[in-house]
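Report on the structure given below.
The values are calculated or read from the model by the stated rules, or taken from the named source; none is laboratory data. These numbers come from a predicted model, not from an experiment. As a convention, Cβ positions derive from the backbone with ideal geometry for all residues, glycine included, and neighbour counts pool all protein chains shown.
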Amino acid sequence: MTVDFTLVILVLAPCVFIGLISYFSIQSMLKKQLLQQKFQLIKANQKQGIPIKLQAYERFTLLLDRISLHKLLVRVSPVGDNTDAYKHLLLATIDQEFEHNTTQQIYISDDCWSAIVSAKSTVISQLHQLGGQENIKSTNQFREEGLKKYASTSSANQIAQSFIRSEIRELFGE
């Protein structure tokens, strides 16, 4: 009994060919399923993540509003007539507001966070400038001067709030 190698090759070649086609087809199908599952998982995570991100944006918008110098001077009344004590009270209020919301930074972009930190720094700088004026002798005069000086200026807070609004528009693809 002699085995003709050409006959064996003719019989095995289609089997090997069909086996390779089956292997690559199954491999392709499994990759496609894996990508689809990954897409569904990302989609589900985004659906859950959007409300959390929106809440973070809302909290930062509120923070920026609460630490704007004009609103801060209106909301926080002086305890006595010492302008340094009043300035320190305002600075402590800003720090407290900021620290209360700092963990929310993980839900926003680095650029947005930088804009918020910059706005906080600007308000603190404005307070120091206001407190450094020699002509201000009382806390009421401190408040009045601050309200007058920073009532209508386009502040870093407004710029940061615009940044937040633009990120929300990007979030919804607008």
- Before we move on, is L130 among the aliphatic types (A, V, I, L, M) and under 22 Å from V76 (Cα atoms)? yes
- Query: What are the residue pairs meeting all of these: first residue in segment 67-92, first residue more than 24 Å from Q158 (Cα to Cα) and in contact (Cβ under 8 Å) with a residue 60 or more places away in the chain, second residue of a type in the set (G, A, S) and in a helix (DSSP H, G or I), Cβ atoms under 8 Å, and 6 or more apart or on different chains?
  - Reply: P78/A85
- Message: Checking the conditions here, which among T103, T93 is among the β-branched types (V, I, T) and either surrounded by 15 or more Cβ atoms within 10 Å (Cβ to Cβ) or touching a His at 6+ places or on another chain (Cβ under 9 Å) (or both)?
- Response: T93
- Task: Pairs only if they're at least six apart or on different chains, beta carbon under 8 angstrom, first in segment 134-149 and closer than 15 Å to R75 by Cβ, second in a loop (DSSP other than H, G, I, E, B); list them, first residue then second.
- Result: T139/P78; T139/G80; T139/D81; T139/N82; F142/P78; F142/I136; R143/P78
- Search segment 151-174 for residues that are over 21 Å from Q105 (Cα atoms) and pair each with any residue that is modelled with pLDDT under 85 and of a type in the set (D, E) when their beta-carbon atoms are under 7 Å apart and the residues are at least 6 apart or on different chains. none
- Message: When you check I52 against the structure, is it touching a residue at least 40 places away in the same chain (Cβ under 8 Å), loosely packed, with under 14 Cβ neighbours inside 10 Å and in a helix (DSSP H, G or I), yes or no?
- Response: yes
- Of these, L73, L20, which one is in a helix (DSSP H, G or I), in contact with a Gly (Cβ under 9 Å, 6 or more places away or on another chain) and surrounded by 10 or more Cβ atoms within 10 Å (Cβ to Cβ)? L73
